[in-house]
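This report concerns only the one structure given below.
No lab work stands behind these numbers, since they all come straight from the coordinates. Note that the structure is a prediction, hence the values are computed from the model and not measured. In this analysis, Cβ positions are derived from the backbone assuming ideal geometry, glycine residues included, and neighbour counts consider all displayed protein chains.
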Amino acid sequence: MNDTTSQPALPDRLSINPRSRFHDEEVFKHDIGIKINGKERFDVEEYCISEGWIKVASPKALDRRGQPLLLTVKGTVEAFYR
């Protein structure tokens, strides 16, 4: 069912925020999975494979623009298509 020939290569850094310069709409047309330290996370807002971190939204804290505050989690990051 998944056609791997039409999937673009996953970038080193990717963000789900459309205002970010690391947002790539073509990649989000496919289902993406993120693992950090061998455990899959479903709440990732942004990741960077080469620097080894992901950012997740804080459950309650907001920044001055009303967006959720992003917390950085460091470790071994793996991105893959499901």
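The loop-placed chymotrypsin sites (Phe, Trp or Tyr not before Pro) in segment 24-82, going by DSSP, that have at most 11 neighbouring Cβ atoms within 10 Å of their Cβ come out as Phe42. The GluC sites (Glu not before Pro) of segment 38-82 that DSSP puts in a loop, and whose beta carbon has at most 15 other beta carbons within 10 Å, are Glu51.
Normalised Debye scattering of the chain at q = 0.19, 0.24 Å⁻¹ gives log10 I(q)/I(0) of -0.86, -1.24, counting only Cα atoms as equal scatterers and leaving out solvent. Close amide-amide hydrogen proximity is noted between Leu14 and Tyr47, each under 5 Å apart and 5 or more residues distant or on a separate chain (H modeled in the peptide plane; Pro and chain starts excluded).
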